[in-house]
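What follows is one structure encoded as structure tokens, with my remarks underneath.
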Amino acid sequence: MEGLLIVVSGFSGVGKGTLMKELLKRYPEEYALSVSATSRKPREGETDGREYFFKTREEFEELIRNDELVEYAVYNGNYYGTPKAYVEKMRSEGKNVILEIEMQGGMQIKAKFPDTLLLYVIPPSAEELKKRLTGRGTETAEEISKRLRRAVEETEYITKYDAITVNDDFETCVNEIHKLIGKQQKAMTKRKLIAARLYKELLKITEEEK
Ligand code: 5GP
């Protein structure tokens, strides 16, 4: 059976990256993590092909023109997009593909692939989010306020997601995400089996009536 797509979004600093890495480590046979293309510059410690495929704006626009992306969006003035080939390959191998992307992209994916599970990871509180952003020690105070202001804007879209998980206790959150994906897969498999059976039965009846 073809794998599902899982969109994971969340405020900057909520820890979604760490959650996804853990999920992949625990269930390497079940999941694959898509690596996005972006036109933003690499941050310190980031490697091309690991965090992102780093592209120039021109190269990125070439990917768009050649229809090589499943979705793309402009965020903070930079392009971000999901390469199509890897997603298709992994899904055809039966793996559930995780896309750690922002909400405009999430909405595009849901419109194209309605079976997708849209998952939003939230912090236990606004105060805790601020603490985590400050604790990373990589951003300036100005950058942190910018991220918090963006978080305010993003809350409006959270209701469009299928499920919300709170990243309070890490272990609980990883388990919950895995469970939610399993539930979605079961529900989709069941629907597909019912539809396939009905299709066969109807075909038989219409053949007999000829
Ligand atoms: P950052 O620059 O901090 O790595 O990412 C900025 C935002 O872009 C994050 O919300 C991240 O989830 C999102 N993002 C990363 N890759 C993609 C992608 O392929 N498509 C879309 N739409 N958003 C992405």
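The values are calculated or read from the model by the stated rules, or taken from the named source; none is laboratory data. The structure presented is a predicted model; accordingly, all values stated were derived computationally and were not measured. Don't worry about glycine lacking a Cβ; one is built from the backbone with ideal geometry, like all the others, and counts go over all protein chains shown. Protein only, heavy atoms only, side chains kept; ligands, DNA and RNA dropped before computing areas. Shrake-Rupley method; radii C 1.70, N 1.55, O 1.52, S 1.80 Å.
Across the accessible surface of the chain, with the other protein chains kept in place and a 1.4 Å probe, carbon and sulfur atoms take up 54 percent.
Arrange the peptides 10-16, 57-63, 70-76 so that the one whose residues have, on average, the most other Cβ atoms within 10 Å appears first.
The peptides rank, most packed first, as 10-16, 70-76, 57-63.
Rg over Rh for the chain works out to 1.03, using Cα positions for both radii and the Kirkwood form for Rh.
So which of K84/K192; K21/K131; K21/K179 end up more than 18 Å apart by C-alpha?
K84/K192; K21/K131
Rg and Dmax over the alpha-carbon atoms of the range 44-152 stand at 16.3, 45 Å. Heavy-atom accessible surface of the range 5-208, averaged per residue, reaches 59 Å², computed with a 1.4 Å probe. Spatial offset of the range 1-66 relative to the range 127-160 amounts to 20 Å, using the alpha carbon center of each. Suppose R0 equals 35 Å. What FRET efficiency, 1/(1 + (r/R0)^6) with r the Cβ-Cβ distance, do H178 and E51 give to the nearest 0.05? E(calc), rounded to 0.05, equals 0.90.
A straight Cα-to-Cα reach below 15 Å connects K25 with the aspartates and glutamates E171, residues fewer than 8 places away in its own chain not being considered.
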